[in-house]
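In what follows, a single structure is set out as structure tokens and then discussed.
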Amino acid sequence: MAFKPANSIQDLQYFGEFGGVNPSISDSSTYTFLSAKTMFDTFEGNADGCYLYSRHSTPSNLYLGEALAAMEGTETANVSASGMGAITPVLMQLCGAGDHVVSSRTIYGGTYAFLKNFTPRFNIETSFVDITKLDVVEAAITKNTKVLYCESVSNPLLEVADIKGLAEIAKRHNLKLIVDNTFSPLSISPAKLGADVVIHSLTKFINGSSDTVGGVVCGTQEFINDLRNVNSGASMLLGSTMDSLRAASVLKNLRTLHIRMQQHSLNATYLAEKFENDGLKTVYPGLASHPSHELFTSMMNEKYGFGGMLTVDVGSLDKANELMELMQEKNLGYLAVSLGFYKTLFSAPGSSTSSEIPEEEQKEMGLSDGLIRFSIGLDADIERTYNMMRECMEKLNILEPEMA
Ligand SMILES: *Cc1c(COP(=O)(O)O)cnc(C)c1O
């Protein structure tokens, strides 16, 4: 039977301690014990249901983690203070000095910078490859490789990873496949396709209100226990813990994710089709012209569509900047990084979110100067939005005025 991620979230039942329909928020950094023995056992990790200290876990964080684990179909999950606060401990937990990572070359700028500039200080090396070519991925694996790393839909080029194919390679070489699923929550369920660990930046679609950063690692109970281990767990020791008040607020926003994703996808599909029809170089996984359209279709949980992200190439950085400023002036969205907001957000990734990637490498991977990344909002009347965007493009001579 097909996996239904929104049903899995909905089927969880929480009550507050006074019967509240939302779980009570645990507003404490530390927890009392009735017996000293239980405190000792908790330190040793042998006292289920006991809380010790909020960097380790809190009831509010566990509620949110449980809901996200249900969404991804994993045994459990650990929430963190940011997406990077989820990604970096996972890599540090799985890799030590002398180990090697094979990573997609089109990944979030911060993750790229961590693997390229930071982990070499610990003698962890990374090979960056074209993740869409499975033979290239497999050829990059060495005897020291521990991890295969990718994003289901990549930032910012919207390349799609063949998660089943990558999982087979990972299994064959005894590697862990880590998938950052930030761009495609609900649409793609990487763990169901064979990923060992699924990561999200909750900052984006999942929280959806651009009011906080947050992250999550979804995986097996064993792996999450390892991350939280008081003596050797990277999440516990590096300390990027989410605050309980924030966990409660993210959980409430998660309740509407399925509705929001459908609207983001609907609106993005409408605009992508129109832009492509207008002759603009448009990249959107929902377009038949996207090189991985079939692959995405074969992996997706249909209801949620192809997501809210699309890119348009308007030729040059100057044109891109002019267009974004004009669209902001017309209140069509904000010139801002990040994604998943109710309002459309746009930025030129080459000079912003992917600026960590050297210019040479940007060119090689097809990240051109005139590229605008759109996170399409929840606009109620997308036809009106399109018409207004078109007017902006005509004014700047990006598009010819339409003949009557
Ligand atoms: C934003 C983002 C991250 C980093 O998340 P933060 O919450 O900003 O730390 C990681 N991966 C992807 C794909 C992202 O878009």
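The values are calculated or read from the model by the stated rules, or taken from the named source; none is laboratory data. Worth saying up front: this structure is predicted, and the values here are computed from it rather than measured. Heads up, the Cβs are rebuilt from the backbone with ideal geometry, glycines too, and the neighbour counts pull from every protein chain shown. Heavy atoms of the whole protein, side chains included, go into the accessibility calculation; ligands, DNA and RNA do not. Shrake-Rupley method; radii C 1.70, N 1.55, O 1.52, S 1.80 Å.
Tabulated results
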quantity	calculated
Entirely in segment 36-122, the helices (runs of 4 or more DSSP H) that have 3 or more residues that are within 15 Å of the ligand (Cβ to nearest atom) and within 16 Å of VAL179 (Cβ to Cβ)	84-94
Residue list for segment 123-155, filter: acidic (Asp, Glu) and more than 16 Å from the ligand (Cβ to nearest atom)	GLU125, ASP130, ASP135, GLU138
Of all residues making up segment 202-232, the number that are among the basic types (Lys, Arg) and either assigned to a loop (DSSP other than H, G, I, E, B) or within 14 Å of the ligand (Cβ to nearest atom) (or both)	1
Yes/no for LYS343 being more than 16 Å from the ligand (Cβ to nearest atom), touching a helix residue (DSSP H, G or I) at 6+ places or on another chain (Cβ under 7 Å) and within 25 Å of ARG384 (Cα to Cα)	no
Check on ILE169, touching a helix residue (DSSP H, G or I) at 6+ places or on another chain (Cβ under 6 Å) and either assigned by TED's automatic domain parsing to the domain that holds ILE372 or away from the ligand (no atom under 16 Å from the Cβ) (or both)	yes
Among residues of segment 192-243, those that are β-branched (Val, Ile, Thr) and open to solvent by 30 Å² or more (accessible area, probe 1.4 Å), counted	4
Qualifying residue in segment 127-137 (condition: over 19 Å from ALA170 (Cβ atoms) and open to solvent by 20 Å² or more (accessible area, probe 1.4 Å))	no
Selection status of MET327, crowded, with 17+ Cβ neighbours inside 10 Å, under 16 Å from TYR386 (Cα atoms) and modelled with pLDDT of 95 or more	yes
Filter result (closer than 24 Å to ASP135 by Cβ and either at pLDDT below 95 or open to solvent by less than 10 Å² (accessible area, probe 1.4 Å) (or both)) within segment 96-120	VAL101, VAL102, SER103, SER104, ARG105, THR106, ILE107, THR111, TYR112, LEU115
